[in-house]
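Take a look at the structure below.
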Amino acid sequence: MKRGYKFMNTTSTNTTNELTIVIPAKNEAKLMPRLLASLTNQDYSKMSSTRVLVADANSTDGTAEIALGFRDRLNVSVIPGGMPSVGRNRGAMQADTPYILFLDADIELADTSLIRRCVERAQGQGLHCVTTSILCREGNWVDKLIYVGNDIFQYLSCLHRPFATGMFMLFDRKKFRELGGFHEQIQFGEDYKLSQQVERKRFAIVRGGVYTTNRRFQRMGHLRVGWLFLRTAMNFWNEKFFLRDHKYWANEPDSIPRAQV
């Protein structure tokens, strides 16, 4: 298989917990504590027992140790990771709950009820994929404007072919495995490509949002990032585009970047 993992059908499902959280990470010792702390503040009643799998891609800055430092508040484990798609797939392989929540390591949940409401929405409406908006509280007005534009585009996409980002993507586990997981040969936009396979009626955007940083703009520049995202949207039908090397990983020595804004 192109994706590198074959998800086996299984009838074994965790009846105690509804959710497994998967976080791909590399050298995120500085930012990941914000995410993990925001998880502890969620009003989701099963948060403390929910498995949080940090798929660590051989970090050298103590990312794994910092994650395990939250074990007194979260059910955290560290597993071998890799590129974001690989780390997410490896975490999903270990999930036996009805839903899997994929998070980027450098985000922070902006609303304490976000996870609970997403799970309830997915359960109540039989959804396959649930996401939320992206907020940028750092950087300048250009950074914030670009994220606002992304959120508007995401809402508009629900009229035709909706998409979610790896920053926050709640997936029905059975549907995720049916779709084959994240395509591991796609170096940019694998989250976009996967989520676009979900039917409109099985997709939802829940208010609340996640905070992200402007570090990608700082390293690549606004025009380059914006142009790459626009080309991605215009080539949603063209698999060859996604399989090309778009140099999205260039100049990123210390961390794994997210696959979409």
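Descriptive notes on the structure:
- The heavy atoms of Met83 present about 80 square angstrom of accessible area, all protein chains included, probe 1.4 Å.
- The alpha-carbon of Lys46 sits under 17 angstrom from the alpha-carbons of these aspartates and glutamates, leaving out residues fewer than 8 places away in its chain: Glu18, Asp72, Asp96, Asp111, Glu120.
- When +1 charges are put on Lys and Arg Cβ atoms and -1 charges on Asp and Glu Cβ atoms, the dipole computed for region 133-176 relative to its Cα centre reaches about 280 debye.
- Given charges at beta-carbon only (K, R positive; D, E negative), |dipole| of region 1-155 in Debye: 440
The values are calculated or read from the model by the stated rules, or taken from the named source; none is laboratory data. What you see is a predicted model; the values in this text were computed from it and never measured. Glycine also receives a Cβ, built like all others from the backbone with ideal geometry; neighbour counts cover every protein chain displayed. Heavy atoms of the whole protein, side chains included, go into the accessibility calculation; ligands, DNA and RNA do not. Shrake-Rupley method; radii C 1.70, N 1.55, O 1.52, S 1.80 Å.
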